[in-house]
1. Look through segment 1-26, keep the residues that are outside any strand (DSSP E or B) and more than 15 Å from Ile43 (Cβ to Cβ), and return whichever of them is farthest from the chain's Cα centre (by Cα).
2. Would you confirm, using the coordinates I've provided, whether Asp29 is out of contact with any strand residue (DSSP E or B) (no Cβ under 6 Å at 6 or more places or on another chain) and either assigned to a strand (DSSP E or B) or modelled with pLDDT of 95 or more (or both)?
3. Select from segment 12-51 the residues that are of a type in the set (Ser, Thr, Tyr) and under 14 Å from Met1 (Cα atoms) and write down the one among them that is surrounded by the fewest Cβ atoms within 10 Å (Cβ to Cβ).
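The values are calculated or read from the model by the stated rules, or taken from the named source; none is laboratory data. Just so you know, these numbers come straight off a predicted model, no measurement behind them. Counting neighbours? That spans all protein chains shown, and the Cβs are built from the backbone with ideal geometry, glycine included.
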Amino acid sequence: MFVVNNDKMTALHRQGNRFYGTVPVISGDLKLAARFSGQDLDILVEYMVAM
């Protein structure tokens, strides 16, 4: 699992069936993504962050 904020990708750490991490977020595009197979990321959720 990854958080992508304005094209900066941060990997989340897995613990059992859960993922966690600390991600500094700035205004712009924010996506939660996963890699299920191969090299491509699948976007699961996309947000627009406004601060």
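1. Among residues in segment 1-26 that are outside any strand (DSSP E or B) and more than 15 Å from Ile43 (Cβ to Cβ), the one farthest from the chain's Cα centre (by Cα) is Gly16.
2. So Asp29 fits the description; yes.
3. Ser37
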